[in-house]
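Note sheet for the following structure.
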């Protein structure tokens, strides 16, 4: 039986740019970083509040995402936040402009989207 989600794997096109985005903009902590010479690939393990959540990979010449956001496969990453407006202002101060706030029609909770450096949609969902 499944007990929890262990991690989410993301392949990026520019390792330095994505590492900066996930650590300095989103605030994820580095758990482990390794360079795998035989694959010319970095693997960066990131955690949130002490829990391992994202495995960030770089590979030479990865194919681009097919379309946004309704292509098959991963649709988006969603992170819970206490105060959506505070997080939106923080992101805007860092040069990131999330979409207008929406309201979930079933839960009445507020949320917004913005993109990582490879255009992967990131959702912030208010607690």
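The values are calculated or read from the model by the stated rules, or taken from the named source; none is laboratory data. Being a predicted model, the structure only gives us computed values, none of them experimental. In this analysis, Cβ positions are derived from the backbone assuming ideal geometry, glycine residues included, and neighbour counts consider all displayed protein chains.
Quick check on residue 122: is it surrounded by 14 or more Cβ atoms within 10 Å (Cβ to Cβ), under 15 Å from residue 27 (Cα atoms), modelled with pLDDT under 95 and outside the structural domain of residue 22 (by TED's automatic domain parsing)?
Criteria met by residue 122.
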Check your understanding: Given the conditions (1) loosely packed, with under 14 Cβ neighbours inside 10 Å; (2) more than 14 Å from the chain's Cα centre (by Cα); (3) under 21 Å from residue 126 (Cα atoms), and given that residue 84 satisfies all but one, which numbered condition is not satisfied?
Key -> (1)
Exercise for review: Please indicate, with yes or no, whether at least one residue in region 87-108 is in contact (Cβ under 8 Å) with a residue 24 or more places away in the chain and under 16 Å from residue 10 (Cβ atoms).
Suggested key: no
Check your understanding: If residue 109 passes every condition in (1) within 25 Å of residue 56 (Cβ to Cβ); (2) surrounded by fewer than 16 Cβ atoms within 10 Å (Cβ to Cβ) but one, which one does it miss?
Key -> (1)
Check your understanding: When region 1-40 is examined, which residues are found to be over 21 Å from residue 88 (Cα atoms), surrounded by fewer than 16 Cβ atoms within 10 Å (Cβ to Cβ) and in contact with a helix residue (DSSP H, G or I) (Cβ under 9 Å, 6 or more places away or on another chain)?
Key -> 30, 33
Practice item. Inspect all residues belonging to region 64-72 and state whether any of them is surrounded by fewer than 13 Cβ atoms within 10 Å (Cβ to Cβ) and modelled with pLDDT of 95 or more. Key: no
